Amino acid sequence: MNVFAVTYFAFLIIASSFAAFQQRRGPFMILFSLTLASFVLAIVGGTSALRSVAVGAGLLAFAASIAYCFREFLVIIMPTGIARELRTAPLTAAFGLFVIFTYAIAGIFAPWIAPYGESEIISSAFAPADENMLLGADQLGRDMFSRIVYGARNSVGLALVATVSAFFMGALGGLLAATKGGWFDQFLGRAADVIMSIPSLIFALLMLSIFGPRIIVIIIAVAIIYAPRVFRLTRAVAGNVVVMDYIEAAKLRGERTWYLIRKEILPNSTAPLVAEFGLEFCFVFLLVAGLSFLGLGIQPPTADWGSMVRENATLISFGDLTPLIPAAAIALLTVAVNFVVDWMLFRSSGLKE
Amino acid sequence: MRDILGLVLKRLGLGLVTLLVISVIIFFMVELLPGDLAQAVLGQGATQETVEALRQELGLDRPAVVRYLDWLSGAVVGDFGTSLISGDSVGDAISDRFLNTLFLAAYAAVIAVPLAICLGVLVALLRNSLFDRIANVLTLTSISSPEFFLGYILIFYLAVKTGLFPAISSLSGDMTFGELLERTFLPALTLVLVVTAHMMRMTRAAIINLLASPYIEMARLKGAPPWKVIARHALPNAWAPIINVVALNLAYLITGVVLVEVVFVYPGIGQLLVDAVAKRDFPIVQACCLIFAATFILLNLAADVGAILTNPRLRHPK
Amino acid sequence: MTRERERQILIDRIAKEARRGRLSRRSFMSHATAAGLTATAATGLWTSRVAAQTPTKGGTFRLGVHDGNTADQMDPGKYQSVGEIQLSHTHRSYLTMITSDNGLGPDMAKSWSATPDARTWTFELDLTASFHNGRPFTVTDAIASLNHHRGDKTSSAAKPLLESVVDIRADGDQAIVLELNQGFADLPWIMTDYHLAMLPANDDGTIDWQSQTGAGPYRIIEHDPGVGTLLERHEGWHGAGAWFDRVEMSVLNDPNARQAALVSGDVDAVTSVDLKTLALLQRHPDIEVDNIPSGSAITLPMFTDVAPFDDNNVRLALKHAIDREEIIEKIVFGTGFPGNDFHVSPNMPYFPADIPQRAYDPDKARFHLREAGLDSLSVELSATDSVLPGAVDMVVLYSEQAKAAGIDITPVREPSDSYWADVWLKKPFVFVKWGARPTPDNMFTLAYKADAAWNEAHWKHDRFNELLLQAKAELDETRRAEMYREMCMIARDEGGSIIPMFVNFVYARRRNVQHGPSVAASWEADGARSASRWWFV
């Protein structure tokens, strides 16, 4: 028994007793079952296993505290209406908001945050991390940290623009199809079927080979690929809304299509659309990364997380963790976005518990 | 039942039209690709004369529309042409690989679909608990790293470091079924990780969506235990969206696995398609794309029929 | 006496370990000298006992090949990918071959001779050779195989190689005679080209490539393009070697898959390794890496008839703005040799070693830019990773280096599948890789002669072209070497191509696979003949 293990168990037992004393059943159950599980873990895996549990729990606690502080911060600075909503947000959603906020700051102020330029070569290849380079260097000797920061601007920006355009096209089409109906509806529906039946990677590959791998082409190709999915969803959701009595009433009032969409249908179909947005955003990210695997992504030397994973991917087969850094950046954002989406979904479902 | 049959027939008809449109799109996209088969085949060694000679040899000097109609007239009677490069019939070139792709997709689906649905029900039951959060984070992390990278990580830990599974999934004819399962375990696992999250989240969302409806409230007030509320009352009404997303993911398992095939050297149809695009071998590209499209259309149809069967109300749309 | 015996036993054991591949040459030397041998004696021991060990027959050799496609072909005129080249040297044979010590050796031609003007060549055939279907090799086959790449109708990529051949005829039933329209001293070297495989002739004078037969050391049992090939020894093979009973070639295009398969023992050797992890792979106890200077050049041709490259000062500025050392260190991780802007590799005969190496000098680049009347320069440079893994990175690196000289190079990543059709010879400044060519004449004629089809820099230099013709006919070796030296100087200082480096072939095998003391540098894996030259210990 070393000092670490003693401290570890002492902390757990004291914390669970405290929770029990305070009549907090949930925390007590978690803490005490963790204590029991740790006995088994310590026998099987020794102190190192306990250490990883402690690190994991520490990280979790750290994330939770950050999320808590950030929620309080938002509650204070936001106007009352939004603040009231925010107060009900679970910690996961607050954490998601925090990550998104950080990425946004990194992306917008990239040139000021990054210590070096996006393509500036400052050291030898794969130099390890030191006080100048937080995360070491990549295969050409560029600062990994700076490239991650610029990547926030390029990759997230690209994925965001592409997803937004897909949503704009898809949702607009879906709403119009639902309101107008008839041959217009049929036509759009069949067109969406056609596009969806072509595998997305192949479609993007063909588009990019034909028009050259420029950013604008990537955005358009991705938007075309994902718009039909949004279209189908919107069409289905709006289809349910259109048959409601209040829409009938509005139609009889003589309101125009545009008014119907804007004032009546859209507000009643946002929730599923927002939920879809979270996942689609991730898929767009991955599609762009997949394209860069086939050599068709964003043009170098532009920093792009997908390409950064690909460029260093083979290192993983020797246990080198360099490629995990950009991959983790992608994963963190995906998780964060979906946390926020979950919260919105929960709010709109009307479930109160 | 008759209206379902009618629906199926109508949708199959529409599907054929869709396939025709796709064949036109694909043909002209391949035409628009820079360079042609002759240049691609001869590569760096091409000269003007040899390119011309090869074009003539393969009939590429005829106008595009003529070549398309030529292909179409064959396709209508089931003859999808021959590969311009190897001279094999398209059926021979594709069938083995398509079976391989189907096998891998089935392998992954058999694991992923029950897993995703069970997990989805479970997290809906335990919503907002620690378990829900952890399951969410893990599945989201697994879909948010590019799938080729996921494959690399699995190869490193499960093949190179521990030697539990072979690093590459090359197949040979005399393998037993057990060997086959072992050889293809890593690509299947990669695919499972890729598709599980989407299906699980959709299951969870579909169930939670229903939990606020009055009849669930009613069941709860009657004092039914939470698992019973979900399994008996919520799930049956949630099947339609779940089946939909399962179909979408099954289609993905068949049509979207190029990268996994490359990483694990698995002889599936995706690799063939990418190579055929690179070499501008139009009949192969066309056939692969049509197979993919047909898969997608059929799975969609199956999903709709499944939704109708599980929810009789959908049989009589207003 | 006993000490002497102990030493002998120790040395025997070291030699045995080394034979089994557990000791590298370097550690063998240090162990042997530690055991009391002099360095010369140790070297002698290495060559006599370790390296010259007799190979043993048997085993299934599993080779992981990079760059194989489902579109790979059996028609030798359309060979292009590494996969096709590796396979063709395993199941087919050629008239001549590059030997493992990089000389020219006999294959299906026993010997060859030329008239003094080098315009008529006679190849004496090895009639003990036979095809896999049992048919003996005849002059008709040889003539048909070469004619496959000639004539107006041929679609063979090797057509330009045989452009100067005007007639091929049989000389009895033992030899063939090639009639050329100009003297060509390097013709026997050309016969090693991977397209010019010998195949059985059909009655109409065409060749039968469809049946997958050949006269090579191994016969195809099963072939699945883009997946792999299973072969077994052709017992009637006319050559030496072919130690393995069976050969299993698998296409492993993904670098990570290749590496993982080699490390985990799923294959015995791979034709290429990922250079980023080379240092890590070399440390692996079961893996032996072969790092072979290949004479394969990276060139960055600039159209010399298009502004701004039509001004030699601009070209010189660009040539001075590239840091070759850094590129070799970061792009090929030390597995290369710096180029000097002339296309003669150190492997070639007549390599002018005394020409000073051009170094990275941004000030000089600026100076040349000013001479050209420019303050700054902005150009686009196209590349794609399928030409060389890391090609795009190299262009990015170059563009960073050139910034110090006020030159702005925009890297353009082009789609890989139409690179040769739409970028090379079409865009004014591109990235190209050339396979090794045996002689300077061969290289210059292909890509630097004023009227060459592949004159990738549109470069026309009168003195250079005059020297090229003179050197062809020059029989005095010293004079010829001087001419090539002058041509290299002209290309270096006035030519249209930047040649940053010559890249090595880097491939790897597991320790239980052995090869002779040297390997051919013409292709990956011992000139693509690993299957017939290597063996298991």
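The values are calculated or read from the model by the stated rules, or taken from the named source; none is laboratory data. All of these numbers come straight from a predicted model, not from anything done at the bench. So basically every Cβ, Gly included, is an ideal-geometry build from the backbone, and we count neighbours across all protein chains shown.
Are any residues in region C:272-313 over 29 Å from A:Ile316 (Cα atoms) and in contact with a helix residue (DSSP H, G or I) (Cβ under 7 Å, 6 or more places away or on another chain), and if so, which ones?
Within region C:272-313, C:Met302, C:Pro308, C:Phe309, C:Asn312, C:Asn313 meet the criteria.
Any residue in region A:292-306 that is within 7 Å of chain B (Cβ to nearest Cβ) and modelled with pLDDT under 80?
Checked region A:292-306: at least one residue is within 7 Å of chain B (Cβ to nearest Cβ) and modelled with pLDDT under 80.
Out of curiosity, is C:Ser272 under 19 Å from C:Ala525 (Cβ atoms), of a type in the set (S, T, N, Q), assigned to a loop (DSSP other than H, G, I, E, B) and in contact (Cβ under 8 Å) with a residue 60 or more places away in the chain?
Yes; evaluated as a whole, the condition is true for this residue.
Taking region A:99-118 on its own, how many of its residues are touching a helix residue (DSSP H, G or I) at 6+ places or on another chain (Cβ under 6 Å) and either among the hydrophobic types (A, V, I, L, M, F, W, C) or within 13 Å of another protein chain (Cβ to nearest Cβ) (or both)?
8
Using beta carbons and a limit of 6 Å, which pairs, at least six apart or on different chains, have the first residue in region B:205-217 and at the interface with another protein chain (Cβ under 7 Å from one of its Cβ atoms) and the second one surrounded by 21 or more Cβ atoms within 10 Å (Cβ to Cβ)?
Close Cβ pairs satisfying both conditions: B:Ile208/B:Ala124.
I'd like to know if region C:257-267 contains one or more residues that are more than 14 Å from chain B (Cβ to nearest Cβ) and either touching a His at 6+ places or on another chain (Cβ under 7 Å) or not aliphatic (A, V, I, L, M) (or both).
no
Taking region A:122-152 only, how many residues are of a type outside the set (S, T, N, Q) and part of a helix (DSSP H, G or I)?
8
Do we have any residue at all in region C:346-360 that's within 14 Å of another protein chain (Cβ to nearest Cβ) and either out of contact with any Phe, Trp or Tyr (no Cβ under 9 Å at 6 or more places or on another chain) or among the β-branched types (Val, Ile, Thr) (or both)?
yes
Cβ-Cβ under 9 Å, sequence separation 6+ or interchain: first residue in region A:68-86 and free of Cβ contacts under 8 Å to residues at least 60 places away in the same chain, partner part of a helix (DSSP H, G or I) and loosely packed, with under 11 Cβ neighbours inside 10 Å. Which pairs?
Between residues of region A:68-86 that are free of Cβ contacts under 8 Å to residues at least 60 places away in the same chain and residues that are part of a helix (DSSP H, G or I) and loosely packed, with under 11 Cβ neighbours inside 10 Å, the close pairs are A:Ala83/A:Ile76; A:Ala83/A:Ile77.
Return the residue satisfying two criteria in turn: it lies in region C:479-506 and is under 23 Å from the mean Cα position of the chain (by Cα) and among the β-branched types (Val, Ile, Thr), and of such residues it is farthest from C:Leu468 (Cα to Cα).
C:Val506
Which residues, counting only those in region C:373-393, are more than 9 Å from every other protein chain (Cβ to nearest Cβ) and assigned to a helix (DSSP H, G or I)?
Listed by number, the list holds a single entry, C:Ala391.
Being aliphatic (A, V, I, L, M), touching a helix residue (DSSP H, G or I) at 6+ places or on another chain (Cβ under 8 Å), under 25 Å from A:Ala303 (Cβ atoms) and in contact (Cβ under 8 Å) with a residue 12 or more places away in the chain narrows it down to one of A:Ala89, A:Ala152, A:Ala93, A:Ala178, so name that one.
Only one candidate passes the filter, namely A:Ala152.
Evaluate the following for A:Phe231: is it within 22 Å of the chain's Cα centre (by Cα) and modelled with pLDDT of 85 or more?
Considered against the rule, which asks whether it is within 22 Å of the chain's Cα centre (by Cα) and modelled with pLDDT of 85 or more, A:Phe231 comes out as yes.
Considering only residues that are at pLDDT below 90 and hydroxyl-bearing (Ser, Thr, Tyr), which ones fall in region C:407-436?
Hits for region C:407-436 are C:Ser416, C:Ser418, C:Tyr419.
Can you tell me which residue in region C:214-236 is surrounded by the fewest Cβ atoms within 10 Å (Cβ to Cβ), limited to those that are in a loop (DSSP other than H, G, I, E, B) and in contact with a strand residue (DSSP E or B) (Cβ under 8 Å, 6 or more places away or on another chain)?
C:Gly236
Of the numbered conditions (1) more than 14 Å from every other protein chain (Cβ to nearest Cβ); (2) under 30 Å from C:Thr384 (Cβ atoms); (3) buried (at least 16 other Cβ atoms within 10 Å of the Cβ), A:Ala178 fails exactly one; give the number of that condition.
(2)
Only one of C:Ala457, C:Ala525, C:Ala520 is in contact with a strand residue (DSSP E or B) (Cβ under 8 Å, 6 or more places away or on another chain), at pLDDT 90 or above and part of a loop (DSSP other than H, G, I, E, B); which?
It is C:Ala457.
Looking at region A:231-249, which of its residues are farther than 13 Å from A:Leu266 by Cα, free of Cβ contacts under 8 Å to residues at least 24 places away in the same chain and assigned to a helix (DSSP H, G or I)?
A:Asp245, A:Tyr246, A:Glu248, A:Ala249, listed by residue number.
Sort out which residues of region B:257-272 are more than 9 Å from chain C (Cβ to nearest Cβ) and part of a helix (DSSP H, G or I), and write them in order of number.
Across region B:257-272, the qualifying residues are B:Val258, B:Leu259, B:Val260, B:Glu261, B:Ile269, B:Gly270.
If you check A:Ala271, A:Ala236, A:Ala289, which single one turns out to be of a type outside the set (Asp, Glu), within 13 Å of chain B (Cβ to nearest Cβ), surrounded by fewer than 20 Cβ atoms within 10 Å (Cβ to Cβ) and more than 19 Å from A:Leu176 (Cβ to Cβ)?
None of the other options fit; the residue is A:Ala271.
Given (1) of a type in the set (Asp, Glu); (2) crowded, with 18+ Cβ neighbours inside 10 Å; (3) more than 9 Å from chain C (Cβ to nearest Cβ), where does B:Asp61 come up short, assuming only one miss?
Of everything listed in (1) of a type in the set (Asp, Glu); (2) crowded, with 18+ Cβ neighbours inside 10 Å; (3) more than 9 Å from chain C (Cβ to nearest Cβ), B:Asp61 misses just condition (2).
Mind checking which helices (runs of 4 or more DSSP H) fall wholly inside region B:1-79 and carry at least 1 residues that are more than 23 Å from C:Lys426 (Cβ to Cβ)?
B:2-32, B:48-58, B:64-76
Which one of the conditions (1) closer than 30 Å to C:Gly83 by Cβ; (2) crowded, with 21+ Cβ neighbours inside 10 Å; (3) not basic (Lys, Arg) does C:Ala491 fail to meet, given that it meets all the rest?
It fails just one condition, (1).
For the condition surrounded by 18 or more Cβ atoms within 10 Å (Cβ to Cβ), within 30 Å of C:Thr60 (Cβ to Cβ) and touching a strand residue (DSSP E or B) at 6+ places or on another chain (Cβ under 6 Å), what is the one hit in C:Asp126, C:Asp75?
That would be C:Asp126, the only listed residue that is surrounded by 18 or more Cβ atoms within 10 Å (Cβ to Cβ), within 30 Å of C:Thr60 (Cβ to Cβ) and touching a strand residue (DSSP E or B) at 6+ places or on another chain (Cβ under 6 Å).
Would you point out which residue out of B:Gly13, B:Gly87 is surrounded by fewer than 19 Cβ atoms within 10 Å (Cβ to Cβ) and more than 9 Å from chain C (Cβ to nearest Cβ)?
B:Gly13
Within region C:413-428, track down each residue that is buried (at least 22 other Cβ atoms within 10 Å of the Cβ), of a type in the set (D, E, K, R) and not in a loop (DSSP other than H, G, I, E, B).
Residues satisfying the conditions are C:Arg413, C:Asp417.
Residue pairs, Cβ under 6 Å, 6 or more apart or interchain, first in region B:63-88 and touching a residue at least 24 places away in the same chain (Cβ under 8 Å), second part of a loop (DSSP other than H, G, I, E, B). List them.
Partner pairs satisfying both residue conditions: B:Trp71/B:Gly81; B:Ser83/B:Asp281; B:Leu84/B:Asp281; B:Ile85/B:Asp281; B:Ile85/C:Ala71.
Take region B:20-48 and flag every residue that is more than 7 Å from every other protein chain (Cβ to nearest Cβ) and more than 23 Å from B:Gly78 (Cα to Cα).
Of everything in region B:20-48, those that are more than 7 Å from every other protein chain (Cβ to nearest Cβ) and more than 23 Å from B:Gly78 (Cα to Cα) turn out to be B:Asp36, B:Leu37, B:Ala38, B:Gln48.
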